[in-house]
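As structure tokens, the structure follows; a few thoughts come after it.
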Amino acid sequence: MNPPKKFKNSLGKFLGFALAFAVSIIIAKNMGITTVINDNLQTVLQWVDSLGFLGYLVFILVYILATVFLISGAVLTLGAGVIFDVIKGSILVSLASTLAATVAFLVGRYLARGWVAKQIEKQPKFLAIDEAVAQEGWKIVGLTRLSPLFPFVFLNYAFGITQVSLKDYILSSWIGMMPGTIMYVYIGSLIGDIAMIGAGNREKTTLEWGLYLVGLVATIGVTVYVTKIAKTALNSEIENSKSQSETSI
């Protein structure tokens, strides 16, 4: 099998996994699983609200656990706006989401990286791309965090199996998630009632539409940027292969 065909097959497997992940979310929603989870999270938020100062710590721990188990933090973020107000809620969610993203990243890196590394070794092109991402990874992390089309809980594990440094990952995630964090905490403060979170009858604010526009631009940006990196890495690999072939002749 020639290199381009191998690359297409491997890319197809990755896209297939991403599609399966998206389909599983849709199925879970249609089966009412997400509703059950959200109802339970609302109950947890009410409990957190009754804990006083201890609620800050419990909220962070719950956010981390939810992220590790691939549960969206949207309800928790909105709930922070209801319980802690905009400023304290934004600070708390920013800290909680960054810690949660870091824990999931480390789990993905140390539990899955070995297997992925072996697969990458079989595909020199992917190794070249992975190394390119390691050099410019902070840009990719930051752009994907700005885009609502890239699920937060999935990205944490996905970046864990790349060569992005932990420092770049944490800093870019923290900065990239900040706009969305503030927006959702603010919306939560407007809702003002934990029981009303996720009711679905609220009109989107101008701030939301503005952030969605930023997210759209970020989505296009990260797609173009990753494609450019992949193309550069693949061209470099092809040139190296030609040089080695000419040297061996």
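Only the coordinates and a few stated rules stand behind these numbers; no lab work does. Owing to the predicted nature of the structure, the values given are computational and were not obtained by experimental measurement.
Numbers for the structure displayed
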quantity: Extension reserve of the Leu190-Leu65 stretch, reckoned as 0.36 nm per residue once the Cα distance is removed; calculated: 42.4 nm
quantity: Integer Hz, Karplus 6.51/-1.76/1.60 couplings in order for segment 136-141, x for Gly and Pro; calculated: 10, x, 4, 5, 5, 4
quantity: Extended-chain gain in nm, criterion 0.36 nm per residue less alpha-carbon gap, Val58 and Asn38; calculated: 5.5 nm
